[in-house]
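The values are calculated or read from the model by the stated rules, or taken from the named source; none is laboratory data. Since we're looking at a predicted model, the values are computed, not measured. We place every Cβ from the backbone using ideal geometry, glycine too, and count neighbours over all the protein chains shown. With ligands, DNA and RNA removed, areas are computed over all heavy atoms of the protein, side chains included. Shrake-Rupley method; radii C 1.70, N 1.55, O 1.52, S 1.80 Å.
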Amino acid sequence: MMRKQIAAANWKMNLSLEQAEALADQLIAGNMTLSADQQVLLAVPFPYLLPIKNKISLQSNVFVAAQNCAATKNGAYTGEVSAEMLKGMDIAYVIIGHSERREYYHEDNKILADKVNLALEYGIKPVFCCGEPLSIREAGTQNSYVELQLKESLFHLEKEQLRNFIIAYEPIWAIGTGKTASSDQAQDMHAHIRSVIASYAGQEIADSVSILYGGSVKAANAAEIFGKKDVDGGLVGGASLIATEYNTIINSLKRS
Ligand code: PGA
């Protein structure tokens with residue numbers, strides 16, 4: 001069976017509730033007909049999780065995702081949202097380690113390991129983000145940089161737990177910049193990530209993990225990038241806010 005092919009929208013901190021609901025309506029109207037091995041995730045701001053979840057409730061293989069969760073279980077952490085709360089709302093996916101969280105909120109590999117642990121404890125699948133900044137790409141050390149991100153945040157887990165992950169490779173220099181990694185650059189890194197997972201958890205588990213590419217994915221480049229062997233879809237920011245763009249991106253997923 002083919003690995004899950006996934007189009008994950010990352011709405012970030014955009015849209016009013018009214019706009020968010022309208023976008024969900026447009027996506028549904030634009031037809032999100034998915035095969036059994038395809039999925040659409042909509043990572044929406046916390047307050048929109050339930051309203052958008054209600055909107056998409058009749059769509060098969062379409063899920064909402066949180067964009068973050070707390071690194072602590074519960075307690076006096078004003079403004080935080082716990083994995084337990086997400087579970088209570090029946091949210092099945094959470095983005096962990098987006099580069100904007102790493103950069104603006106100083107989330108390091110260790111904090112992200114704590115978040116991963118809590119998500120798994122509550123049965124929520126992490127969309128774990130990794131990716132190098134421009135300086136690392138220019139130095140040519142992106143493979144070891146990404147490997148360390150994976151090792152420090154994930155490789156304390158039981159091997160079998162890695163089956164619950166979606167990995168998103170997002171080179172920071174390609175996020176929101178209009179500058180996409182070439183499909184070959186994406187493929188090279190995705191193959192590397194899969195080999196790193198295989199060296200820890202074995203080839204069969206590594207082959208089951210969907211690895212998404214993120215960074216300026218749009219309707220015009222999605223099919224080429226998603227067509228690569230180890231690219232199992234995308235994590236899409238800007239272009240996911242435009243229904244026609246995103247519907248095309250969904251339709252660019254591989255089909256078995
Ligand atoms: P972008 O963002 O598609 O706007 O480059 C991707 C992301 O940050 O997940």
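Quick one: which of Ile211, Ile205, Ile197, Ile249 is within 16 Å of the ligand (Cβ to nearest atom) and farther than 30 Å from Ala22 by Cβ?
Ile211
Look through Lys179, Lys229, Lys254 and report the one residue that is within 16 Å of the ligand (Cβ to nearest atom) and either assigned to a loop (DSSP other than H, G, I, E, B) or open to solvent by less than 10 Å² (accessible area, probe 1.4 Å) (or both).
Being within 16 Å of the ligand (Cβ to nearest atom) and either assigned to a loop (DSSP other than H, G, I, E, B) or open to solvent by less than 10 Å² (accessible area, probe 1.4 Å) (or both) holds for just one of Lys179, Lys229, Lys254, which is Lys179.
If you check every pair at least six apart or on different chains, which have Cβ atoms under 6 Å apart with a residue in the range 206-218 that is within 14 Å of Ala186 (Cβ to Cβ) first and a residue that is among the aromatic types (Phe, Trp, Tyr) second?
Tyr213/Tyr169
Hey, any hits in the range 101-108 for a residue that's within 16 Å of the ligand (Cβ to nearest atom), open to solvent by 30 Å² or more (accessible area, probe 1.4 Å) and assigned to a loop (DSSP other than H, G, I, E, B)? Break it down stepwise before answering.
Restricting attention to the range 101-108, the residues satisfying the condition of being within 16 Å of the ligand (Cβ to nearest atom) are 101-105, 107.
After this cut, where a residue has to be open to solvent by 30 Å² or more (accessible area, probe 1.4 Å) as well, the list is 101-105.
Pick out the ones that are also assigned to a loop (DSSP other than H, G, I, E, B) and you get 105.
Among the residues of the range 101-108, at least one is within 16 Å of the ligand (Cβ to nearest atom), open to solvent by 30 Å² or more (accessible area, probe 1.4 Å) and assigned to a loop (DSSP other than H, G, I, E, B), which makes the answer yes.
Determine, yes or no, whether Glu84 is without any contact (Cβ under 8 Å) to a residue 40 or more places away in the chain, charged (D, E, K, R), closer than 24 Å to Asn109 by Cβ and in contact with a helix residue (DSSP H, G or I) (Cβ under 9 Å, 6 or more places away or on another chain).
Considered against the rule, which asks whether it is without any contact (Cβ under 8 Å) to a residue 40 or more places away in the chain, charged (D, E, K, R), closer than 24 Å to Asn109 by Cβ and in contact with a helix residue (DSSP H, G or I) (Cβ under 9 Å, 6 or more places away or on another chain), Glu84 comes out as yes.
Could you list, ordered by first residue, the pairs with Cβ atoms under 7 Å in which the first is in the range 95-108 and modelled with pLDDT of 95 or more and the second is in a helix (DSSP H, G or I), at least 6 apart or interchain?
Ile96/Leu112; Ile96/Lys115; Ile96/Val116; Ile96/Ala119; Gly97/Leu112; Gly97/Ser153; Ser99/Ile172; Glu107/Arg101
Suppose we filter Val127, Val146, Val116 for residues that are surrounded by 20 or more Cβ atoms within 10 Å (Cβ to Cβ), part of a helix (DSSP H, G or I) and within 16 Å of the ligand (Cβ to nearest atom); which single one remains?
The match here is Val146.
Which number in (1) free of Cβ contacts under 8 Å to residues at least 40 places away in the same chain; (2) within 16 Å of the ligand (Cβ to nearest atom) marks the one condition that Ala139 misses?
(2)
Aromatic (Phe, Trp, Tyr) and either more than 30 Å from Ala29 (Cβ to Cβ) or over 17 Å from the mean Cα position of the chain (by Cα) (or both) - does that describe any residue in the range 105-113? Give the derivation first.
Here is the first cut: in the range 105-113, the residues aromatic (Phe, Trp, Tyr) are 105.
From what's left, either more than 30 Å from Ala29 (Cβ to Cβ) or over 17 Å from the mean Cα position of the chain (by Cα) (or both): 105.
Yes: the range 105-113 contains one or more residues that are aromatic (Phe, Trp, Tyr) and either more than 30 Å from Ala29 (Cβ to Cβ) or over 17 Å from the mean Cα position of the chain (by Cα) (or both).
At pLDDT below 95, closer than 16 Å to Gln142 by Cβ and among the small types (Gly, Ala, Ser): does that describe Ala181?
Values: at pLDDT below 95: yes; closer than 16 Å to Gln142 by Cβ: yes; among the small types (Gly, Ala, Ser): yes.
Answer is yes for this residue.
Would you be able to say whether some residue in the range 163-170 is over 21 Å from Asn117 (Cβ atoms) and either open to solvent by less than 10 Å² (accessible area, probe 1.4 Å) or within 16 Å of the ligand (Cβ to nearest atom) (or both)?
yes
Quick test of your reading of the structure: Glu138 fulfils all but one of (1) modelled with pLDDT of 95 or more; (2) over 21 Å from Val236 (Cβ atoms); (3) among the acidic types (Asp, Glu). Name the failing condition by number.
(1)
For the condition within 14 Å of the ligand (Cβ to nearest atom), open to solvent by less than 50 Å² (accessible area, probe 1.4 Å), out of contact with any Cys (no Cβ under 6 Å at 6 or more places or on another chain) and farther than 22 Å from Leu150 by Cα, what is the one hit in Ala243, Ala239?
On inspection, the qualifying residue turns out to be Ala239.
Yes or no, residue by residue, for (1) touching an Asp or Glu at 6+ places or on another chain (Cβ under 7 Å); (2) of a type in the set (Ser, Thr, Tyr); (3) open to solvent by less than 70 Å² (accessible area, probe 1.4 Å):
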position	(1), (2), (3)
Ala8	no, no, yes
Met13	no, no, no
Glu18	no, no, no
Glu21	no, no, yes
Gly30	no, no, yes
Leu42	no, no, yes
Tyr48	no, yes, yes
Asn61	no, no, yes
Cys69	no, no, yes
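Of all the residues that make up the range 191-209, how many are surrounded by 21 or more Cβ atoms within 10 Å (Cβ to Cβ) and outside any helix (DSSP H, G or I)?
Residues meeting the conditions: 1.
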